[in-house]
1. Report, in degrees rounded to the nearest 10, the 0 to 90 angle that the Cα long axis of helix 37-49 makes with the longest principal axis of the chain.
2. Past the 26 angstrom mark, what percentage of all C-alpha to C-alpha distances in the chain do you count?
3. Please determine, in degrees from 0 to 90 and to the nearest 10, the orientation of helix 2-14 with respect to the longest principal axis defined by the Cα atoms of the chain, where the helix direction is its Cα long axis.
4. Between 0 and 90 degrees, rounded to the nearest ten: what's the tilt of helix 201-218 against the longest Cα principal axis of the chain?
5. Quick one: order D188, D63, D95 by neighbouring beta-carbon count within 10 Å, fewest to most.
6. Between their Cα atoms, which of K46/K84; K165/K258; K218/K280; K210/K280 are more than 21 Å away from each other?
7. Helix-derived [θ] at 222 nm for the chain: sum -39500 (n - 2.57) over DSSP H runs of at least 4, divide by residue count, nearest 500?
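Derivation of every value follows stated rules applied to the coordinates shown; laboratory data play no part. Quick caveat: nothing in here was measured; it's all calculated off a predicted structure. Methodologically, a virtual Cβ is constructed for each residue, glycine included, from the backbone with ideal geometry; neighbour enumeration extends over all protein chains shown.
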Amino acid sequence: MALFRKALEKLTKGLSRTKDRFLGGLRNLLAGRKLDEDLLDELEEKLIEADIGVATAMKIRQDLQEAFQQRRIERGEDVLEFLKTEMKSLWPECDRSVRFAPEGPTVILVAGINGAGKTTSIAKLAYQLKQQGKKVVLAAADTFRAAAVEQLTIWSQRIGVEIVKGGGSDPAAIVFDACDAARARNADVLLVDTAGRLHTQDHLMRELTKIRDVVARKLPGAPHEVLLVLDATTGQNAINQAKAFLQAIDVTGIFLAKLDGTAKGGIVVAIRNEIHLPVKFVGVGETYEDVEPFDPESFVEALFA
Ligand SMILES: Nc1nc2c(ncn2[C@@H]2O[C@H](COP(=O)(O)OP(=O)(O)OP(=O)(O)O)[C@@H](O)[C@H]2O)c(=O)[nH]1
Ligand SMILES: [Mg+2]
C-alpha cells in the first residue's frame, strides 16, 4: 500500500500540469452546474483538448447524457466520480507484466522515433530489472548517431550493467554478438537500443525487422517483448507513429515516456482505444528511477487528483 501511495504521488506530481490545465479546470467547470447540453459540450471539448481522442470523448459524452436521463447523476459535482469510474473501466484486467523467457535470456527490443525517449527508457528498465536481482546486458544497436552509443555507455556505467557495442556500423551484427554475450554470461535480460532515425522511414523499419530476425534466429522465442517508446508530449502524433511501427513489427507493449512533461494525460486513453496495446510502463522524469508500471487505477486517480 505504501508503495502504491508513493507511485501515486510521483505520478500525480508528474501530471501536475495536467491537473492545472485540464482537470483542475474541470472541477471549477462542474461546480454548482446542472448537467445540460451546454455543460456536456464544454466537457466534451475539454476531453478532446486533453488528447483523449474525438471518438472516446463523444462516447463519454453519450454515456454521461444517458446517466443523466436515467437520473443516475444530476449535478455537475457527480460528473467527476462518473468520469473516474468510466475511465477506469476502459482497462479491464489485462496482462501488463513483462513476458520473460522460460529459460535463457529474455530479449526486449526497444523501438521508437528519434528523441522519443528510447535510450533513457532502456536505462530505466535496466535499473528496475537489476533492482529485481536480474542480470542485464545492453546492446548498443543505434549506430546511426555516434553519440548514441556513448549515451548508452554512460547509462550502463551509472547503473552497473554490461554493454555490448560493435566497432562497425551494422546494428544486426552488434545484436548478433550481444545475443552470444547474453547467453555466455548467463544474462537474464538483453535490452536492445535501436535507431530512431535513418535515411528514410522505410530504412528504419527494415533495419528493425532485420534486428528482430537476428534475435529470433539466435535465441528461442526472442524477441520476447517489443516495446514501442512514445513521447506523451507529442499528443495525437504519437498515435500516428505507433501505427507506422505496428505495420512493420509486432509491438507487444508501449513505454509511454515524458508523461511528466505534458498537460494532456488523456493520450493514455487514446492509446487504449486507438491502438489497443497495453501501456506497460510510464516515464515520469529524466533519471533512471523515474519509471512506473502503468496502473489504470492510480493513473485515473492521479489524472483527477
Ligand atoms: N521529462 C522527461 N524527459 C524524458 C523522459 N524520457 C526521456 N526524456 C528526455 O528526452 C530526451 C530524449 O531521450 P532519449 O532517451 O535520448 O531518446 P531516444 O529515443 O533514445 O532518442 P534518439 O536516440 O535520438 O532516437 C532526453 O533529453 C531525455 O532526458 C521522461 O520520462 N520524462
Ligand atoms: Mg537513443
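1. Helix 37-49 and the main axis of the chain meet at about 10 degrees.
2. Tail fraction, whole percent: 47.
3. The helix 2-14 is inclined about 80 degrees to the chain.
4. Helix 201-218 sits at roughly 60 degrees to that axis.
5. In increasing order of surrounding Cβ atoms, one gets D95, D63, D188.
6. Over 21 Å Cα-Cα: K165/K258; K218/K280; K210/K280.
7. -15500 deg cm²/dmol
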